[in-house]
Amino acid sequence: MPTPEQFEVTIPSDTAAGQAVQERIVNRLEELSFPARDVFGMRLALEEALVNAIKHGNGMDPDKSVHVSCRIDDAMVRVEIEDEGPGFDVSDVPDPTAEENLERPCGRGIMLMRAFMTRIEYNSKGNRLTLEKARGTGDE
Amino acid sequence: MSTRRLDIEEIGDVTVAKFIDKKILDETNIQIIGNQMFGLVDEDGRKKVVLDFTNVEYLSSAALGKLITMDKKVKAAKGKLRLCAIRPEIYEVFEITRLNKIFDIKTNQEQALEGF
């Protein structure tokens, strides 16, 4: 069994830097032969989470950073993403699948993370998100 | 000057716009793709548009936002929009967000052109 990989990285509020972290994690999942659906879901969840942290959390402020810590082993990947913004109350985000919101162009990121991850959790302030994905069977 | 992100083909009176990118994720990228897509309606006045997703492997919620705006623009211009060739993982994204209810989605380009 390969040894778990663990790393922490602090990136500027810049989506290109977010992409690099995303690539690093996704590449590792591919190396560990996680099923394609897991890799797809992880990439999507990381994209949504990092864009939220950079854009909505830090407001693209170049003086603010995003801290990412990640632990990947053969069975599970866990990523924590923390921004330096004021946080938010996740229950304030309107349901994007409600009839009246269906045609609104935003608000779907958190829903997609929930659907594709095994678990997602915000801290009480709302500026730190934990994403967890357990290895799927590959035939969901 | 940004590079072209859509392959445009005219088939009869229908415009088929095929996404070139595999990943429609990055914000800047999505902005450019959105503008090129909107230009089909706003600048070129095209009314029947098929968006072909053959090449698309990843799509984020920001990209979904652009598709919703595109749908509104086409409807406002009294036109029609169809989406086609969406692979199963991406179709799941549409299902989760219930956007499969608002978009006219066809299996492939031939079906999208049929009776359009």
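Loop-only check: which trypsin sites (Lys or Arg not before Pro) in the range B:38-108 are DSSP coil with at most 13 other Cβ within 10 angstrom?
Qualifying residues, ordered by number: B:LYS78.
Using only alpha carbon pairs under 8 Å that are at least six residues apart, calculate the relative contact order of chain B and give it in whole percent.
It comes to 25 percent, rounded to a whole number.
Tell me which trypsin sites (Lys or Arg not before Pro) from the range A:109-140 have a DSSP coil assignment and no more than 15 other beta carbons within 10 Å of their own.
A:LYS125
Apply the Debye scattering formula to the protein assembly as shown, with a single equal point scatterer on each alpha-carbon and no solvent, then give log10 I(q)/I(0) at q = 0.09, 0.13, 0.14 Å⁻¹.
-0.42, -0.85, -0.97
Which number comes out as Rg/Rh for chain B once both Rg and the Kirkwood Rh are worked out on C-alpha atoms?
That ratio is 0.92, to two decimals.
Pick from A:SER91, A:SER13, A:SER65: which residue has the top mean-square fluctuation in a GNM of chain A where Cα pairs under 10 Å get a spring?
Highest fluctuation of the listed residues: A:SER91.
Using only helices, what value at 222 nm comes out for chain A when you add -39,500 (n - 2.57) per DSSP H run of length 4 or more and divide by the total residues, to the nearest 500 deg cm²/dmol?
Taken over chain A, the calculation gives -9500 deg cm²/dmol.
Using a Förster distance of 41 angstrom, determine the FRET efficiency expected from the C-beta separation of B:THR69 and A:GLU8, and round it to 0.05.
Step by step, r from the Cβ atoms, then E = 0.65.
What residue among A:ALA45, A:ALA53, A:ALA17 shows peak mean-square fluctuation when chain A is described by a Gaussian network model with Cα springs under 10 Å?
Evaluated over chain A, the most mobile residue of the options is A:ALA17.
How about the range B:1-44: which trypsin sites (Lys or Arg not before Pro) there lie in a loop by DSSP and see at most 15 other Cβ atoms within 10 Å?
Counting only loop positions with at most 15 other Cβ atoms within 10 Å, the trypsin sites (Lys or Arg not before Pro) in the range B:1-44 are B:ARG4, B:LYS22.
Go ahead and run the numbers for FRET between A:THR118 and B:GLU43, Cβ-Cβ distance against an R0 of 51 Å, rounding to 0.05.
0.70
Among B:ILE86, B:ILE32, B:ILE24, which one shows the biggest mean-square fluctuation in a GNM of chain B, springs joining Cα atoms closer than 10 Å?
Highest fluctuation among the options: B:ILE32.
Work out Dmax and Rg for chain A from the C-alpha atoms and quote the Rg first, both in angstrom.
15.1, 49
Give me a single rounded figure for B:92-100: the average over its residues of other chain Cβ atoms within 10 Å of their Cβ.
Other-chain Cβ atoms within 10 Å of each residue's Cβ, averaged: 5.
Taking only DSSP H segments of four or more residues, each worth -39500 (n - 2.57), what value at 222 nm results for chain B once the sum is divided by all its residues, to the nearest 500 deg cm²/dmol?
Roughly -12000 deg cm²/dmol at 222 nm, from the helical runs in chain B.
Just so you know, all these numbers are worked out from the coordinates, no wet-lab data involved. Treat the numbers as computed from the prediction; the structure is a model and nothing was measured. Positions of Cβ are backbone-derived with ideal geometry, glycine not excepted, and every protein chain shown enters the neighbour counts.
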